[in-house]
Amino acid sequence: QVQLVESGGGLVQAGGSLRLSCAASGIIFSINAMGWYRQAPGKQRELVAVISSGGSINYVDSVKGRFTISRDNAKTTVYLEMNSLKPEDTAVYYCKLDATTGQAVGVMRGIYWGQGTQVTVSS
């Protein structure tokens with residue numbers, strides 16, 4: 001069973017910073033990509049940042065220059081450093097894992113989501 005445990009959300013004033021963490025555990029053979037998505041009330045979930053197994057990184061335009069995605073050496077924990085936060089960054093942030101894992105039925109590639117962590121930026 002693959003689990004993603006997120007932490008680091010909270011309430012911050014505009015211009016402030018937060019750091020999100022997402023740790024993956026379980027029988028993971030290889031990770032294709034890890035990333036962060038967010039969903040604001042009444043809006044669709046959107047990609048915020050993603051890092052591939054090879055280290056390629058992509059950001060949504062609205063966070064470029066303010067957010068930084070990184071990972072640990074084991075590549076099973078991904079971080080999102082968020083600076084110069086704006087009220088429009090307010091959302092539930094979800095960690096997403098694209099990996100090949102061991103399941104009861106065998107080795108499978110799958111998509112896994114964290115439980116989400118609330119980020120609220122006050123003006």
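The values are calculated or read from the model by the stated rules, or taken from the named source; none is laboratory data. These figures come from a predicted structure and were not determined experimentally. Note that we place each Cβ from the backbone using ideal geometry, even for glycine, and neighbour counts take in every protein chain shown. To get the accessible areas, we keep the full protein, side chains included, count just its heavy atoms, and leave off ligands, DNA and RNA. Shrake-Rupley method; radii C 1.70, N 1.55, O 1.52, S 1.80 Å.
Numbers for the structure displayed
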| read-out | value |
| --- | --- |
| Per-residue HN-Hα couplings for segment 87-98 [Karplus 6.51, -1.76, 1.60; θ = phi - 60°; Hz; x = Gly/Pro] | x, 6, 7, 4, 4, 8, 9, 10, 8, 10, 10, 10 |
| ³J(HN,Hα) computed for each position of segment 66-81 - Karplus, 6.51 cos²θ - 1.76 cosθ + 1.60, integer Hz, glycine/proline x | 10, 10, 9, 9, 8, 8, 7, 5, 6, 6, 10, 10, 10, 10, 9, 8 |
| Accessible area (Å², 1.4 Å probe, nearest 10) - Ser17 | 60 |
| Amide hydrogen neighbours beyond the local backbone of Arg71, cut-off 5 Å, H modeled | Tyr79 |
| Euclidean distance between Cα centres, segment 71-123 to segment 21-66, Å | 6 |
| In nm, spacing of pseudo-spin labels at Val5 and Ile27 (7 Å Cα→C-beta vector) | 2.1 |
| The chain: relative contact order in percent, alpha carbon pairs under 8 Å with at least 6 residues between | 36 |
| Accessible surface ranking that places the most exposed of Arg71, Arg66, Arg19 first, with a 1.4 angstrom probe | Arg19, Arg71, Arg66 |
| Virtual spin-label span in nm between Trp113 and Val60, 7 Å along Cα→Cβ | 1.4 |
| Surface share of carbon and sulfur [accessible, 1.4 angstrom probe, percent] for segment 74-123 | 52 |
| Overall Cα dimensions of segment 1-113, principal axis frame, Å, largest first | 46, 29, 21 |
| Viscosity 0.890 mPa s, 25 °C: Kirkwood-radius Stokes-Einstein D of segment 11-67 over Cα pairs, µm²/s | 181 |
